[in-house]
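The values are calculated or read from the model by the stated rules, or taken from the named source; none is laboratory data. Nothing here was measured: the structure is a model prediction, and the numbers come from that model. With ideal geometry, Cβ positions are generated from the backbone for all residues, glycine too; neighbour counts draw on all protein chains shown.
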Amino acid sequence: MAKFSDLVAGSRALSDPETVEIAPGVSITFCCRVLTPFEATHVLSSARADAKAAGVDEPEAGEPIYEAARAKHTIALGLVDPDSTKDEDPKPFFDGGLKQIEHSKKLTNDVIAYLFELWEHWNESVSLQKTMLDEKTFARIMEEAAVGNARPFFALRPGVRWNFTRTLAARHVNLLKSRSHSSPGSQETTHPQQPE
């Protein structure tokens, strides 16, 4: 059996080019790239250090300043120049690094958060750890959402949120279709179908 060092080194997973309008008339195009374990650790440690420097005693997941720092460090490493994707190591899209992100007048907090969400959603789509919800958890989130409690939904990872929303949308569409196919006088009860 071959050792890891004997394996042919391939390029890391890359997304298709994404184009995002970050300001009126200003669009950027980039590709998302999977982070190495070293880069992922660097993102977390750097975000923690930035949050502490900003006065957060114990930075942790969910803390706004920590999460904002994590988003910036992630897109600095995780977004690459689409024109260099044929290279063994594509060049970062933000060629000026973190400072370029922090000092840009075009990259508002909302834009940074959106770019990070795009990267995280794509990253989970290629992850070996599938992000699926069981029916019991799905039902609980639905019940909480019905009474205005969004916390269980916000606690989900981005990939799981997308699966939840897609499944809900598919069930709603199927319900509308089943109602439209029923005759006006029909007493037949219709139920949303499970998405394939």
TODO: Return the residue satisfying two criteria in turn: it lies in the stretch 133-155 and is under 26 Å from ALA40 (Cα atoms) and loosely packed, with under 12 Cβ neighbours inside 10 Å, and of such residues it is modelled with the highest pLDDT.
DONE: PHE154
Task: Odd one out for ARG48 among (1) more than 22 Å from SER127 (Cα to Cα); (2) in contact with a Gly (Cβ under 8 Å, 6 or more places away or on another chain) - done: (2)
Open item on the list: I'm trying to understand the selection: among the residues of the stretch 16-43, which are assigned to a helix (DSSP H, G or I) and either closer than 15 Å to HIS121 by Cα or of a type outside the set (Phe, Trp, Tyr) (or both)?
Closed with: PRO37, GLU39, ALA40, THR41, HIS42, VAL43
- [ ] Tell me which residues, restricted to the stretch 62-89, are in contact with an Asp or Glu (Cβ under 6 Å, 6 or more places away or on another chain) and not small (Gly, Ala, Ser).
- [x] LEU77
Open item on the list: Restricting to the stretch 1-15, name every residue that is modelled with pLDDT under 90 and either assigned to a loop (DSSP other than H, G, I, E, B) or in contact with a His (Cβ under 6 Å, 6 or more places away or on another chain) (or both).
Closed with: MET1, ALA2, LYS3, LEU7, VAL8, ALA9, GLY10, SER11, ARG12, ALA13
- [ ] Name, by its number, the condition in (1) in contact (Cβ under 8 Å) with a residue 12 or more places away in the chain; (2) within 14 Å of the chain's Cα centre (by Cα); (3) surrounded by fewer than 15 Cβ atoms within 10 Å (Cβ to Cβ); (4) part of a helix (DSSP H, G or I) that does not hold for THR165.
- [x] (1)
- [ ] Would you confirm whether any residue within the stretch 70-92 is farther than 15 Å from ARG12 by Cβ, in contact with a helix residue (DSSP H, G or I) (Cβ under 7 Å, 6 or more places away or on another chain) and surrounded by fewer than 17 Cβ atoms within 10 Å (Cβ to Cβ)?
- [x] no
Task: Scope the stretch 44-67; condition surrounded by 16 or more Cβ atoms within 10 Å (Cβ to Cβ), part of a loop (DSSP other than H, G, I, E, B) and either touching a helix residue (DSSP H, G or I) at 6+ places or on another chain (Cβ under 6 Å) or among the hydrophobic types (A, V, I, L, M, F, W, C) (or both); matching residues - done: VAL56, PRO59
